[in-house]
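Trainee: Sharing a structure, written as structure tokens. Questions coming.
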Ligand code: 6PG
């Protein structure tokens, strides 16, 4: 079996999903809170694990500590469904966080889903990212995202980069259309590995006994999409005891 080396990896052990959400929310405040003038870019993940974290960020003390006027919101992946569809990652994050906090107009960079196809949506989202970044090529010394939040699926996917699908090998584009290996079986739009890696901090949130097996495979360096991310950049993992097998 192919094993891939990982970069520096830090694991924060949490008791359970509630503790994991608290620790991740505290960490986000240390990364993004405080004084400053520069704009900040946060890339949100879909899935059920981060929802608790999003709820935390919408309430004090976390809410009061975040510089809402400087935060810009992006998504790592989206399902090609309307933004008010229950399967939409945007809909989940809006309900859990963005509808409850003071986001300035223009700070929400949702992945467009009205382009006629997932491939067209991917192009449109890439344009938006490049406009925000101010260039169509990534400069290794200037991150695109300040914080990149990711989850893992039981098959080792992250964002909508699924094992064995061509999207995982994309080395040039920032965003591509992809097909899921797991439910919901709707076309996806996903950041590619180079775009994910263009982040100041890459964070995985992993909870639940159903992630135990895949987590140990990823940590062992099995060639799965989430392990490719960990091979490309330093990563921080918030993991609960059930997922760790403790
Ligand atoms: C998606 C995701 C996906 C998710 C993992 C983990 O749109 O489905 O962004 O990559 O993060 O599947 O999801 P859970 O947190 O629900 O296990």
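Trainee: In the range 142-158, what residues are over 16 Å from residue 232 (Cβ atoms), more than 10 Å from the ligand (Cβ to nearest atom) and not in a strand (DSSP E or B)?
Mentor: Across the range 142-158, the qualifying residue is only 142.
Trainee: Of all residues in the range 23-51 being out of contact with any strand residue (DSSP E or B) (no Cβ under 8 Å at 6 or more places or on another chain) and within 30 Å of residue 85 (Cβ to Cβ), which is surrounded by the most Cβ atoms within 10 Å (Cβ to Cβ)?
Mentor: 25
Trainee: Restricting attention to the range 159-168, does a residue exist that is part of a helix (DSSP H, G or I) and in contact with a helix residue (DSSP H, G or I) (Cβ under 7 Å, 6 or more places away or on another chain)?
Mentor: First, the residues of the range 159-168 that are part of a helix (DSSP H, G or I): 166-168.
Those still in the list that are in contact with a helix residue (DSSP H, G or I) (Cβ under 7 Å, 6 or more places away or on another chain) too: 168.
Yes, there is a match, as at least one residue in the range 159-168 is part of a helix (DSSP H, G or I) and in contact with a helix residue (DSSP H, G or I) (Cβ under 7 Å, 6 or more places away or on another chain).
Trainee: Please identify the pairs in which a residue from the range 46-59 that is touching a residue at least 60 places away in the same chain (Cβ under 8 Å) has its Cβ atom under 6 Å from the Cβ atom of a residue that is within 10 Å of the ligand (Cβ to nearest atom) and in a loop (DSSP other than H, G, I, E, B), counting only partners at least 6 apart or on another chain.
Mentor: Correct list of pairs: 49/207.
Trainee: Count, please, the residues in the range 69-91 that happen to be within 10 Å of the ligand (Cβ to nearest atom), over 17 Å from residue 106 (Cβ atoms) and surrounded by 20 or more Cβ atoms within 10 Å (Cβ to Cβ).
Mentor: 6
Trainee: Take the residues of the range 200-218 that are closer than 18 Å to residue 72 by Cα and away from the ligand (no atom under 15 Å from the Cβ): which is surrounded by the most Cβ atoms within 10 Å (Cβ to Cβ)?
Mentor: Initially, the range 200-218 is screened for residues closer than 18 Å to residue 72 by Cα, giving 200-203.
Pick out the ones that are also away from the ligand (no atom under 15 Å from the Cβ) and you get 200-201.
Values: 200: 15, 201: 18.
So, considering only residues that are closer than 18 Å to residue 72 by Cα and away from the ligand (no atom under 15 Å from the Cβ), the one surrounded by the most Cβ atoms within 10 Å (Cβ to Cβ) is 201.
Trainee: Checking residue 169 against (1) within 15 Å of the ligand (Cβ to nearest atom); (2) under 20 Å from residue 232 (Cβ atoms); (3) modelled with pLDDT of 95 or more: exactly one of these is not met. Which one?
Mentor: Exception for residue 169: condition (1).
Trainee: Just to confirm my filter: which strands (runs of 3 or more DSSP E) fall fully inside the range 1-109 and include at least 1 residues that are over 17 Å from the mean Cα position of the chain (by Cα)?
Mentor: On the way: elements: 9-14, 40-44, 71-75, 77-79.
Where strands (runs of 3 or more DSSP E) fall fully within the range 1-109 and carry at least 1 residues being over 17 Å from the mean Cα position of the chain (by Cα), they are 9-14.
The values are calculated or read from the model by the stated rules, or taken from the named source; none is laboratory data. All of these numbers come straight from a predicted model, not from anything done at the bench. Note that we place each Cβ from the backbone using ideal geometry, even for glycine, and neighbour counts take in every protein chain shown.
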